[in-house]
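Any read-out appearing in this document is the output of simple, stated calculations on the displayed coordinates, not a laboratory observation. Here the structure is a predicted model, which is why all the values come from computation and not from measurement. Cβ: placed from backbone, ideal geometry, glycine included. Neighbour counts: every protein chain shown.
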Amino acid sequence: MTLTIGPLRAEPGQKTRGSLPADLGTTTVDVPLILVNGSRPGPKIVITGGVHGGEFIPVDATTRLAGLLEPDEVAGRLVICPVANPPAVYGGRLNISPLDGVNINRVFPGDKDGGPTDRMAAWLFEHLIDGADAYVDLHSGGIDQLLLDFVGYRLTGDAELDAKNKAMAHAVGYERVIFGTSADGGNSHAAANRQGIPAILVETGQLGDRDPATVRRLIDALYRILHHLGVIEAPQHVAPVTVQPRDWM
Ligand SMILES: [Zn+2]
C-alpha cells in the first residue's frame, strides 16, 4: 500500500525524505518527515521527536533510526518526524513555543482554528497520527531538567487498548513505567488514545544531554518497540534488556 502524506509518497520498498508546510496562522513552518514503506505489509507506526525544544536526544535518535531502517527489513509503514514542533525546536525554547508561550504537549489534539501551537498540534494529528496503528512520542530532559528514563502510558477504560498501551510500554525495555489512570488531558499519547490509537511517551536522557550513548539507548528502545509491533525482526545488535519493567501509578 502506498504511504502518502500530503505530496510526499513512498511506494512499498521505498524510503522518502522531505518536508511539508504547516500553516500556523501567523507563520508557516516546514515539518521534516521520513517515510519508510516496508517491502512487506504491516502496521502504520508514527514516531515523533522534537515535540519540545531543547530535547536533543529524540531529534538525534529519530534521524539516525530513519537512516538505519531499510524498507527491505520493514513490514508496514513508518512515519518518522524528528522535529514535530519546529518553532520550539529551532527557537531553542524549553517546553513552550516562542510563538505563543503554549506547551504543545498540553493541547493535543489541538485546534486548527486556534493559536499557532494549537494549529501545530492539529496539523500533526491530521497529517501524521490519525489512522495510525500505534504512536510513539519521544522526549528527554531539557537543560534544566533532572530526569530518569521512563515510559508513560494511560489506562483508558478500554481493556483492549489498555493492554496494547501496556505491552508497548513494557517492550521499551526501561525499568520505570508510569501509567495515568485516565486518557484525559492534552498529552500527545492521551489524545491519540482518545482516538483509539495505542500510544506511549518515552523519556530518555536529561539536562539537555547530547551523549551518543544516550541516543543509542533510545535507538535500542525504538528497535524493541518496532520488533514488538511486528515491524522488524529482532536485530542482532540491540542490547538485551537487563531490567524488569515495573508499573508505577
Ligand atoms: Zn518534552
Restricting to the chain, what percent of DSSP beta bridges are antiparallel, rounded to 5?
45 percent
Packing-based order for 222-229, 15-22, using average beta carbon neighbours within 10 Å, highest first:
222-229, 15-22
Please state, rounded to one decimal and in Å, the Kirkwood hydrodynamic radius that the stretch 19-138 gives when every pair of distinct Cα atoms enters the mean of 1/r.
14.4 Å
What's the ranking of 69-80, 192-203, 173-184 by average number of surrounding C-beta atoms within 10 Å, highest first?
192-203, 69-80, 173-184
Counting pairwise Cα distances across the chain, what percent come out greater than 28 angstrom?
26 percent
Relative contact order for the chain, counting Cα pairs under 8 Å that sit 6 or more residues apart, in percent:
20 percent
Rg over Rh, two decimals, the stretch 130-249 (C-alpha only, Kirkwood Rh)
0.96
